[in-house]
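Following: one structure in structure tokens, then a few remarks.
Please treat every number below as a calculation from the coordinates, not as lab data. Just so we're clear, the structure is a prediction, and the values are computed from it rather than from any experiment. Heads up, the Cβs are rebuilt from the backbone with ideal geometry, glycines too, and the neighbour counts pull from every protein chain shown.
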Amino acid sequence: MDFISVLAIFVALPATGFLIWWLIIETEGVYLGKRMVILLYDLYASRYDRIKQFDEQADLTLISQPIMARIHPATAPLILDVATGAGRLPLIMARNARFSGHVIGLDASRRMLKVARRKVAAERFERYITLMRHDAGELPFADNSFDVVTCLEALEFLPDPRAALREMCRALRPGGLLLTTIRIDTRWMPNRAWSEARMRRELAALNMRDIQVAIWQEDYSQVWAWKAGESELIGANRREEVLHSKPPRQSLQNWHPLRRAKLN
Ligand SMILES: C[S@@+](CC[C@H](N)C(=O)[O-])C[C@H]1O[C@@H](n2cnc3c(N)ncnc32)[C@H](O)[C@@H]1O
């Protein structure tokens, strides 16, 4: 083997290794398409909680309690958690003693939902939580259906974050609360992870107001916003009606009743 070939191998091997690491681990398959993201989450699902090591007390203090404080005096909101994963947000809401509402946790990964379902059953939280398998890009609900919509650590992994955010705001009732997140370091996910300025622009264009960005943890900031307008609380009692509602015509391009939610 001549010198040039040896040099080429020395350069190509680490470069290929780096590319694979970046595509599969660092960016969780997002540049390889939706199916790859979901496949990887299906593969990680049984290890997800161990890898993430969520601090339950911190989540209560920094997520669940601030949601309850912002919607006060309501205690029984209907919440949609988009890309719910292993059920982090539904569980911390259900564990909050002041919460008597209901969370619909939606995710595209069958195995992430299986882990979530196991945890919901272990804590007997079925009356507070419904889990459903569905794509975040086209939510299967009518406009203005939820009091609160959340999407934590997930927007940048969705095939079209703009479309997903538009859907979340559509499903939120006027006067409803949105909580989502942005990555602090956006360098490794070009065109996927949004800066604070970009997030503010996107939300303002979607008729969201009072946008607040707060540093949350090492990797992410929280983004809070309210949908402009006022309307009455939807409430947990209307969850069946909302679960069987239909999205408006313009959101129906890829919607089909057979692909509708698999509920728990
Ligand atoms: C980093 S996890 C976040 C999970 C949860 N929100 C949390 O904070 O633990 C990202 C989640 O997005 C889900 N996901 C990825 N693409 C999706 C899509 N197109 N529709 C719905 N969920 C999707 C994955 O299955 C995964 O559970």
Rg (Å, one decimal) plus Dmax (Å, integer) for the alpha carbons of the stretch 138-260? 14.9, 43
0 to 90° range, to nearest 10: angle between helix 110-122 axis and the chain longest Cα axis: 50
Which percent of Cα-Cα pairs in the stretch 63-158 sits in each 5 Å bin, short to long? 3, 14, 27, 25, 19, 10, 2, 0
Expected sort for 86-97, 18-29, 145-156 on mean C-beta neighbours within 10 Å, highest first, is 145-156, 86-97, 18-29
Kirkwood Rh, angstrom, the stretch 3-49 [1 / mean 1/r, Cα pairs]: 12.2
Footprinting exposure proxy for Ile71, Ile9, Ile104 (fewest neighbouring C-beta atoms within 10 Å first): Ile9, Ile71, Ile104
Could you please report the charge total around Asp185, scoring K, R as +1 and D, E as -1 over all other residues with beta-carbon less than 13 angstrom from its beta-carbon? -2
Taking 8 Å as the Cα distance limit and 6 or more residues as the minimum spacing, I'd like the relative contact order of the chain as a percentage. 18
Within the chain, count lysine pairs with alpha carbon atoms under 20 angstrom apart where the residues are 8 or more positions apart or belong to different chains. 7
Counting other beta carbons within 10 Å of each Cβ, put Thr16, Thr84, Thr181 in order, fewest first. Thr16, Thr181, Thr84
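For the ranges 192-200, 125-133, what's the packing order if you count other beta-carbon atoms within 10 Å of each residue, average per peptide, and put the highest first? Write down the numbers at each step before the final one.
Working: 192-200: 16.7, 125-133: 18.7.
Averaged packing, sorted descending, gives the order 125-133, 192-200.
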Rounded to whole angstrom, the alpha-carbon centroid of the stretch 111-168 lies from that of the stretch 36-80 at a distance of 10
Environment charge of Glu156, counting only residues whose C-beta is closer than 15 Å and scoring Lys/Arg +1, Asp/Glu -1: -2
Please compute the alpha carbon radius of gyration of the stretch 120-161, then divide it by the globular-protein estimate 2.2 N^0.38 Å. Two decimals is fine. 1.42
With angles folded into 0 to 90 degrees, how steeply does helix 34-44 sit against the dominant principal axis of the chain? Use alpha carbons for both and round to 10. 90
What's the Kirkwood radius of the chain in Å, using all Cα pairs? 19.3
